Amino acid sequence: MSEIMPAACVIGHPIAHSRSPMIHGYWLNQLGLKGHYNREDVLPENFAEFVRSLRDHGYVGCNVTLPHKEAAFRLLDRASACAQHLQVANTLWFEGDLLCGDNTDVEGFIANLDDRAPHWGTHLKKAVILGAGGAAASIIVGLQERGATDIRLVNRTIEKAEILAHRFGPTVHPTPWSDLHQCLTDADILVNTTSLGMKGQAELDIDLDPLPLKALVTDIVYVPLETGLLRQAKQRGNPIVDGLGMLLFQAVPGFEHWFGQRPTVTKELRGLIEDHIRGVTP
Ligand code: NAP
């Protein structure tokens, strides 16, 4: 009789670009565990049915990416406090017959900064976040958890920043792009969550002059690994952290739920994905 191996997947549309199978495949191999991790391209209209029959498809759980993260949250029987706060889930697993879910982007963002810039949050007060999309919400929550008391949310479409400010409280200040220059003064951290600077997109055009040199600059865009923003910040002497670690660390809790062991984000794993991003490996 053939042995049944636990399997998990990432569900999205499109999904061919996802590097999650490389990450989980590396951990399965490194830990000597039997299991699979697949990509599943599922259209929005088929998503609920797919998740309801996740076990019939042979899965013990899944990651969920664009455009399904809100829909995933609505299907949960039990949501983590973080998923409830954000109304979004990216990691699903079963406890008995209950479908459980978490949002691990917050943990991924914070763990990446802790790993690459230890003590970054020690004197955190003022943060400037560029962008007010799905990822920005997770970054707001993470920075609030680490003590930020003044979060300037700079977005092209100011209404989206206003919606997030309303959701996440008076420490969040919606800010038009025209005020960016002056709000960089006294910032402890600058985070890009827009898609600007990503391969194939326009560059982020920003004057960093008013930003203190001790301010940490981080970009959650990780293709390319060193975005124009990070290059510019490094050249003037700011500490920088790229966005790849966020992708790696957000994957840790899911793997533990599905395969029973907590994996480690190793230098080797990071190097593997870096090579893939640079086009060195297929
Ligand atoms: P999203 O919800 O579509 O939000 C995109 C944001 O970019 C919005 O604030 C949008 O402004 C802004 N934007 C797009 N084009 C712009 C332009 N030409 N000028 C000014 N602003 C522009 O996307 P998301 O899910 O938040 O993801 C954002 C980026 O983060 C993506 O590149 C994604 O790959 C990356 N990401 C990385 C990780 C990681 O693990 N490192 C995790 C999640 C996301 P408007 O509101 O005005 O349209």
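Hey, among the residues in the range 205-227 that are outside any loop (DSSP other than H, G, I, E, B) and near the ligand (Cβ under 10 Å from one of its atoms), which one's surrounded by the most Cβ atoms within 10 Å (Cβ to Cβ)? Top of the filtered list is Asp219.
Table: residues versus (1) within 22 Å of the chain's Cα centre (by Cα); (2) not acidic (Asp, Glu).
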{"position": "Glu145", "(1), (2)": "yes, no"}
{"position": "Ala148", "(1), (2)": "yes, yes"}
{"position": "Thr157", "(1), (2)": "yes, yes"}
{"position": "Ala161", "(1), (2)": "yes, yes"}
{"position": "Pro176", "(1), (2)": "no, yes"}
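Selection of the range 228-246 for residues being within 10 Å of the ligand (Cβ to nearest atom) and either of a type in the set (A, V, I, L, M, F, W, C) or in contact with a strand residue (DSSP E or B) (Cβ under 6 Å, 6 or more places away or on another chain) (or both) yields Gly243, Leu244, Met246. Say whether the condition of being under 19 Å from Ile240 (Cα atoms) and more than 16 Å from the ligand (Cβ to nearest atom) is met by at least one residue in the range 92-114. No; the residues of the range 92-114 include none that is under 19 Å from Ile240 (Cα atoms) and more than 16 Å from the ligand (Cβ to nearest atom). No other residue among Ala165, Ala202, Ala136 is within 15 Å of the ligand (Cβ to nearest atom), exposed (fewer than 14 other Cβ atoms within 10 Å of the Cβ) and either polar (S, T, N, Q) or not in a strand (DSSP E or B) (or both) apart from Ala202. In the condition set (1) under 28 Å from Leu196 (Cβ atoms); (2) assigned by TED's automatic domain parsing to the domain that holds Arg39; (3) acidic (Asp, Glu), Glu95 is compliant with all but (1). The residues listed here are Ile11, Ile4, Ile15, Ile23; of these, the one that is of a type in the set (Val, Ile, Thr) and part of a helix (DSSP H, G or I) is Ile23.
The values are calculated or read from the model by the stated rules, or taken from the named source; none is laboratory data. Keep in mind that what you see is a predicted model, and the values were worked out from it rather than measured. Note that we place each Cβ from the backbone using ideal geometry, even for glycine, and neighbour counts take in every protein chain shown.
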